[in-house]
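Values quoted throughout were computed directly from the atomic coordinates according to the rules given, and no laboratory measurement underlies them. As the structure is a computational prediction, the values presented were derived from the model and not from experiment. Quick reminder, even Gly has a Cβ in these numbers, built from the backbone with ideal geometry, and neighbours come from all protein chains shown.
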Amino acid sequence: MFKLVYVVVLFMVQMPTGAIRKSSADISNECLHCICMVESDCKDPKCVMDLGSLSCGPYQIKDPYWNDCGKPGSSWKECASNKTCAENCMRQYRIRYQNRIGSCSRYCEFQARLHNGGPNGCTTRKSSTDVYWAKVKKCLETGLPWR
């Protein structure tokens with residue numbers, strides 16, 4: 001019995017950090033798709049002015065968001081316009097702020113509110129992300145675009 005516990009503890013200690021963190025970064029394809037649909041109908045629009053700053057790409061990523069996710073790719077606009085790079089940025093952003101899940105009850109709810117409202121999208125700014133989450137939730141429940 002003690003040997004088994006020791007082996008499990010030893011395995012957990014020796015496990016690479018990335019392996020533990022990966023589950024924190026997992027976002028379902030359905031969740032990503034619905035966020036993409038709400039943001040841009042999953043198109044790659046040119047950068048647009050949104051609340052006083054530019055948002056770019058299918059996920060409408062802003063420069064500060066890209067900075068917080070670790071600046072993947074060669075530039076903010078390039079990454080935001082590349083769906084794979086943008087999704088990786090979203091995963092890293094989620095890892096960075098995973099301790100701010102607040103009162104968000106669903107896994108995708110946290111991602112959607114975090115994406116829309118920033119680090120406090122599930123805590124102090126939760127009410128400001130209600131409409132956004134309702135659109136993502138409708139897409140998730142129906143499998144159809146949020147409109």
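By how many nm would the segment from ALA134 to SER105 lengthen if fully extended, with 0.36 nm per residue of separation less the alpha-carbon distance?
9.1 nm
Take the Cα of LEU144, step 7 Å along the line toward its Cβ, and report every residue of the stretch 112-138 whose backbone nitrogen sits under 13 Å from that point.
Taking a point 7 Å out along Cα→Cβ of LEU144, the residues of the stretch 112-138 whose backbone N falls under 13 Å are 138.
Within 12 Å, Cβ to Cβ, of ARG125, how many net charges do the neighbouring residues add up to if Lys/Arg are +1 and Asp/Glu are -1?
+2
What is the list of residues in the stretch 73-99 whose amide nitrogen lies under 17 Å from a point 7 angstrom out from the Cα of VAL48, following Cα to Cβ?
Residues 80-82 qualify, since their backbone N sits under 17 Å from the label point.
Give me the extension gain from THR84 to ASP68: residue separation times 0.36 nm, minus the current Cα-Cα distance, reported in nm with one decimal.
Fully extending the segment from THR84 to ASP68 adds 4.1 nm.
In whole Hz and in residue order, list the ³J(HN,Hα) couplings for the stretch 39-46 that follow from phi through the Karplus curve 6.51 cos²θ - 1.76 cosθ + 1.60, θ = phi - 60°; x for Gly and Pro.
My calculation for the stretch 39-46 gives 6, 8, 6, 6, 9, 10, x, 5 Hz in order.
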